[in-house]
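Structure first, then comments.
The values are calculated or read from the model by the stated rules, or taken from the named source; none is laboratory data. Every value quoted in this text rests on a predicted model; they were computed, and no experiment measured them. Virtual Cβ from ideal backbone geometry, glycine too; neighbours counted across all protein chains shown. For the accessible areas, the whole protein counts, side chains as well, though only heavy atoms, and no ligand, DNA or RNA atoms are used. Shrake-Rupley method; radii C 1.70, N 1.55, O 1.52, S 1.80 Å.
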Amino acid sequence: RKRVWRMPMPKRQVSSKEGVEDGSETACATACGSTTAGGGSSSSSRRVQEDRPSQQPSKRGRVAGSRAANGPEHVTYRLEGGLRHVEPYDFDFTTHVKQRWIGRPLLEVCAGEFVAFPREYYEASISAGRVTVDGQPVSAGHILRDGERIVHRAVRCRENPVLDRGPIQVVAETEELLIVSKPSSLPIHPCGSYRFNSLIALLREQGVVEAESALHTTHRLDRLTSGLVLLAKNKAAARRVGAGFAANQIHKTYLARVRGSFATLFERLAQGSEVPLGVTSIGPDRLKVAGFIRCIDRKVGKYEFTMHAPAEGEDAKDAATEFELVGETENAESIVRCYPATGRTHQIRVHLLHLGYPIANDSCYGGELRDDFTLPLIPHVRQEAHCEAPEPVKDAAEVTMHPSGIFLHALNYSLPDGSSFTCQAPAWAEAAKP
């Protein structure tokens, strides 16, 4: 069965960088959370050319933010095997030279900062004149200067597939907020290798939001994490809710599935046995991890726990999370509730790794790369250097598989005004035994 929609180019979001629990959308590599997606298994396939529906079920808004790139007026989606694919299209990535890029060669910046494509892709694109500076072709060794405008013309650009879970669930709606449950594998807004395969773009495509009204992000949730996302309908609400996340005034509850018996950790605390640094008991069934989190690899967006306060010039930030045991599963794993008191990037993932109980399928932080039926592995698209007519992959061994998500879910947000929003727990959390 074929359906045809025309879908407008999604606009890049201007999102709050505070209140981040689980991820940098721009600097994370695949396993850490910003350049992969996940798959399903079905022999049936249907091609969907997406046109914007002429009738909208409600008036909720367009994505706020300035247009950061030029792309097609519409794209073709292909839904196959539980995945949503976007057919190749031409796209202009546009940016201005940042302070940290000044005095560095163009190729070094492209390969080091923009991880969606490999180094050899950028070498070929610069050589072919598809990367320009202030509208002019330059060499790979061009030294960047303050204020220069870089445009990267990606020909037959391909996006990574994402899980196709059907319509995005709307949890609640108020005069100022739209609250939805984001599936794993989707970034909130267009970024990196995801533009049309993003939460806001799919809300548009599914008719939840109109193409020309405003939605503003109030916080960020990592692509590999599922759960609640609060979107504001006006700038005042976005500032207010965003400030609440930044000031840690919004109480957050997450679910995680971790390796091992979490009950053992409580037993060690009760017995006065040695536990990891920064861990304290705050009740018979609750513990707290407190310390600092620092970035150890900016290119892939990876972080680590430390008890050492940052020295001058270091960017380590204080972070605290409380944990409760929900129950254990049949395969020697545990379901825990997580209450982040601060909102640092990858905070829960880093704290669970520090405790010795990493999220079971979080290969970036101590877990395994797992092809789980609830969160299957999916193919990762590699953008070729010369991609006018990309060759199909002939050997299955050539396909790189990446996670569609991790066992981490934003379950509840409670706001200072007394309002509280909860979404359904994922299937992987339902196996817990008290």
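Quick grid of which residues meet (1) closer than 30 Å to Arg100 by Cβ; (2) touching a residue at least 60 places away in the same chain (Cβ under 8 Å):
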site: Phe262; (1), (2): no, yes
site: Gly272; (1), (2): no, no
site: Gln347; (1), (2): yes, yes
site: Ala360; (1), (2): no, yes
site: Ser363; (1), (2): yes, yes
site: Asp372; (1), (2): no, no
- Item | Residue within the stretch 366-387 that is open to solvent by 10 Å² or more (accessible area, probe 1.4 Å), at pLDDT 95 or above, out of contact with any helix residue (DSSP H, G or I) (no Cβ under 9 Å at 6 or more places or on another chain) and not in a loop (DSSP other than H, G, I, E, B) present | yes
- Message: Which of the numbered conditions does Ser181 fail, given that it passes all the others? Conditions: (1) under 23 Å from Phe373 (Cβ atoms); (2) modelled with pLDDT under 95; (3) surrounded by fewer than 22 Cβ atoms within 10 Å (Cβ to Cβ).
- Response: (2)
- Counting just the residues of the stretch 196-219 that are in contact with a strand residue (DSSP E or B) (Cβ under 7 Å, 6 or more places away or on another chain) and assigned to a loop (DSSP other than H, G, I, E, B), which one comes out surrounded by the fewest Cβ atoms within 10 Å (Cβ to Cβ)? Val208
- Item | Residue under evaluation Asn361, criteria (1) under 26 Å from His219 (Cα atoms); (2) modelled with pLDDT of 95 or more; (3) more than 19 Å from the chain's Cα centre (by Cα); (4) assigned to a loop (DSSP other than H, G, I, E, B), criterion not met | (3)
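Residues checked against (1) over 27 Å from the mean Cα position of the chain (by Cα); (2) among the basic types (Lys, Arg); (3) at positive phi:
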| site | (1), (2), (3) |
| --- | --- |
| Glu274 | yes, no, no |
| Gly278 | yes, no, yes |
| His308 | yes, no, no |
| Asp318 | no, no, no |
| Thr321 | no, no, no |
| Leu325 | no, no, no |
- Given (1) charged (D, E, K, R); (2) farther than 23 Å from Arg268 by Cα; (3) surrounded by 23 or more Cβ atoms within 10 Å (Cβ to Cβ), Arg298 misses just (3)
- Item | Flag for Leu178 being under 30 Å from Trp428 (Cβ atoms) and of a type in the set (A, V, I, L, M) | yes
- Message: Looking at Arg165, Arg153, can you tell me which residue is basic (Lys, Arg) and part of a loop (DSSP other than H, G, I, E, B)?
- Response: Arg165
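So, of the residues in the stretch 136-147 that are assigned to a loop (DSSP other than H, G, I, E, B) and farther than 14 Å from Cys110 by Cα, which turns out to be least open to solvent (accessible area, probe 1.4 Å)? Show your work before the answer.
Kept after step one, since they are assigned to a loop (DSSP other than H, G, I, E, B), are these residues of the stretch 136-147: 138-142, 144-147.
Restricting the remaining residues to those that are farther than 14 Å from Cys110 by Cα gives 145-147.
Details: Arg145: 140, Asp146: 111, Gly147: 49 Å².
That would be Gly147.
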- Item | Lone unmet requirement of (1) touching a helix residue (DSSP H, G or I) at 6+ places or on another chain (Cβ under 6 Å); (2) touching a residue at least 40 places away in the same chain (Cβ under 8 Å); (3) open to solvent by 30 Å² or more (accessible area, probe 1.4 Å) for Leu255 | (3)
